[in-house]
Amino acid sequence: MTYRDRAEAGRILADRLTALAGEPDVIVLGLVRGGVPVAEVIAQRLGAPLDVLVVRKLGMPWAREVAFGALGPGGVQVLNDVVASRLSPADIAEVNHREQAELERRERLYRAGRPPLDLAGRTAVIVDDGLATGATARAAVQVARHLGARRVVVAVPVGSQEAYEMLTAEADQVLCPQHHADFMAVSAYFDDFHEVTDDEVTEALTATA
């Protein structure tokens, strides 16, 4: 099964999250950038606020897809000590510096003067457009907990079986209608999988403000 686009994926996920509709502590968090159009539809359907969770994966210098940790807003840093132990302090500092600069750029752009993200005591619904390795979503769950979330739900339209199983051990609930052992690229499960722009993200946040 393929989705027509991210909006259709959002509608299908929202139909499975109706138990959260009207709950006052729920906040829907799109992972930038591809998760935001999915999250926008979910937030509208649930009558919940939409925000973005800017997470930067800390990748090994020689293999950026392999994460040794992640950065989140408010100075949150999550490290995988086993993987990070393979790096020198100088290597860690260099990657940190680069990713922190990009995180701060995106935070300035997307928050646009809005207050810092506060998840204390809330149910955070973390939304992305798919799970390949699941490393970014896993980091997002950990960052949300560091920011005080009481409950963390991950909602994605499609993912690999491996990533799905990994996340079920991290989040309180994982909603993933399609998870495949023979997973291909996320784009293979969408008819329209255009690259989401910064303008689309800021427009979504403005529309649901």
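The values are calculated or read from the model by the stated rules, or taken from the named source; none is laboratory data. Just so it is clear, the structure is predicted and the values come from calculations on it, not from any experiment. Note that each Cβ is placed from the backbone with ideal geometry, even for glycine, and that neighbours are counted across all protein chains shown. When the accessible area is computed, the model is the full protein with side chains, heavy atoms only, and any ligands, DNA or RNA have been set aside. Shrake-Rupley method; radii C 1.70, N 1.55, O 1.52, S 1.80 Å.
Remarks
- A63 falls short on exactly one of the conditions (1) of a type in the set (G, A, S); (2) modelled with pLDDT under 95; (3) in contact with a helix residue (DSSP H, G or I) (Cβ under 9 Å, 6 or more places away or on another chain), and that condition is (3).
- Boolean, D118 is open to solvent by 10 Å² or more (accessible area, probe 1.4 Å), over 14 Å from the mean Cα position of the chain (by Cα) and within 26 Å of L20 (Cβ to Cβ): yes
- Taking the criterion of being open to solvent by 30 Å² or more (accessible area, probe 1.4 Å) and modelled with pLDDT of 95 or more, the residues of the stretch 147-160 that qualify are R150, R151.
- Per the conditions (1) of a type in the set (D, E); (2) open to solvent by less than 60 Å² (accessible area, probe 1.4 Å); (3) touching a residue at least 60 places away in the same chain (Cβ under 8 Å), the sole criterion not satisfied by E170 is (3).
- Scanning the stretch 49-105 for residues that are among the basic types (K, R) and not in a strand (DSSP E or B), we see that the one that is nearest to the chain's Cα centre (by Cα) is R105.
- Just one of the numbered conditions (1) in contact with a Lys or Arg (Cβ under 8 Å, 6 or more places away or on another chain); (2) of a type outside the set (G, A, S); (3) within 27 Å of L13 (Cβ to Cβ); (4) part of a helix (DSSP H, G or I) is not true of V152: (4).
- Residue count for the stretch 37-65 satisfying the condition of being farther than 18 Å from E102 by Cβ and buried (at least 16 other Cβ atoms within 10 Å of the Cβ): 13.
- Qualifying positions in the stretch 115-146 - modelled with pLDDT under 90, touching a strand residue (DSSP E or B) at 6+ places or on another chain (Cβ under 8 Å) and assigned to a loop (DSSP other than H, G, I, E, B): L117, A132, T133, G134
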